[in-house]
1. Looking only at residues that are exposed (fewer than 13 other Cβ atoms within 10 Å of the Cβ) and hydrophobic (A, V, I, L, M, F, W, C) in the range 13-38, which one is nearest to Asp131 (Cα to Cα)?
2. Restricting attention to the range 94-114, and to residues there that are over 22 Å from the mean Cα position of the chain (by Cα) and not small (Gly, Ala, Ser), which single residue is farthest from Arg16 (Cα to Cα)?
3. Just to confirm my filter: which helices (runs of 4 or more DSSP H) fall fully inside the range 49-129 and include at least 2 residues that are surrounded by 19 or more Cβ atoms within 10 Å (Cβ to Cβ) and touching a helix residue (DSSP H, G or I) at 6+ places or on another chain (Cβ under 6 Å)?
4. Return yes when Leu10 is among the aliphatic types (A, V, I, L, M), modelled with pLDDT of 95 or more, under 24 Å from Asp131 (Cβ atoms) and assigned to a helix (DSSP H, G or I) and no when it is not.
5. Of all residues in the range 76-93, how many are under 10 Å from the mean Cα position of the chain (by Cα) and not β-branched (Val, Ile, Thr)?
Amino acid sequence: MALGELSRGLGLLLARWCLAGIFLYAGYKNIGRVDQTAVQLAAKAYPAPKVLAIIAALAALGGGASLVLGMFTRMGCVALVLFLLPTTWSFHAQEALRGDVGQTLQALKNLGLVGGLLALFGAGPGALSVDHHFFSRRRYEP
């Protein structure tokens, strides 16, 4: 592996891990509070709130694990973006638009995470990933 490829792979590995931390933590915490999340979702008129609460917790855990391992990375990025957008709109953006500074910061944090996930989606997981090991054509070149 050339030095440029190694440094790019290391940078993408660190980016994946930094992004993954918040999702793994949130997913772990939300698994233990599915009922409370379901109540919040029901208050926002989401259908099947308990099912959605479970899906949200599993999406955060699965997406975070995907990033840590660099396995199905692009699919994990898409899942996390699809988790973040309705979450940001339903729980942060509306209060932010009413002037709540704390919710503005939460909405901007989530948008920053979306940006990082989209960048990772575009760049791919890098050389230090399960995806690269199993799906890269380059590993068969001499």
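The values are calculated or read from the model by the stated rules, or taken from the named source; none is laboratory data. Bear in mind that the values here come from a model prediction, so they are computed numbers and not experimental data. We place every Cβ from the backbone using ideal geometry, glycine too, and count neighbours over all the protein chains shown.
1. If we take residues in the range 13-38 being exposed (fewer than 13 other Cβ atoms within 10 Å of the Cβ) and hydrophobic (A, V, I, L, M, F, W, C), then Leu14 is nearest to Asp131 (Cα to Cα).
2. Of the range 94-114, the ones over 22 Å from the mean Cα position of the chain (by Cα) are 95, 97-101.
This time we only want the ones that are not small (Gly, Ala, Ser), so: 95, 97-98, 100-101.
Working: Glu95: 30, Leu97: 30, Arg98: 33, Asp100: 30, Val101: 28 Å.
My answer is Arg98.
3. Numbers: elements: 49-69, 73-88, 94-97, 101-123.
Ranges flagged: 49-69, 73-88, 101-123.
4. Details: among the aliphatic types (A, V, I, L, M): yes; modelled with pLDDT of 95 or more: yes; under 24 Å from Asp131 (Cβ atoms): yes; assigned to a helix (DSSP H, G or I): yes.
The answer is yes for Leu10.
5. Filtering the range 76-93 for residues under 10 Å from the mean Cα position of the chain (by Cα) gives 76-84.
Pick out the ones that are also not β-branched (Val, Ile, Thr) and you get 76-77, 79-80, 82-84.
Looking only at that region, the number is 7.
A quick yes/no check of all residues on (1) in contact with a Ser or Thr (Cβ under 6 Å, 6 or more places away or on another chain); (2) at pLDDT below 95; (3) more than 23 Å from Leu3 (Cα to Cα); (4) of a type in the set (Gly, Ala, Ser):
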residue: Gly63; (1), (2), (3), (4): no, no, yes, yes
residue: Gly70; (1), (2), (3), (4): yes, no, no, yes
residue: Leu85; (1), (2), (3), (4): no, no, yes, no
residue: Thr104; (1), (2), (3), (4): no, no, yes, no
residue: Val114; (1), (2), (3), (4): no, no, yes, no
residue: Ala123; (1), (2), (3), (4): no, no, no, yes
residue: His133; (1), (2), (3), (4): no, yes, no, no
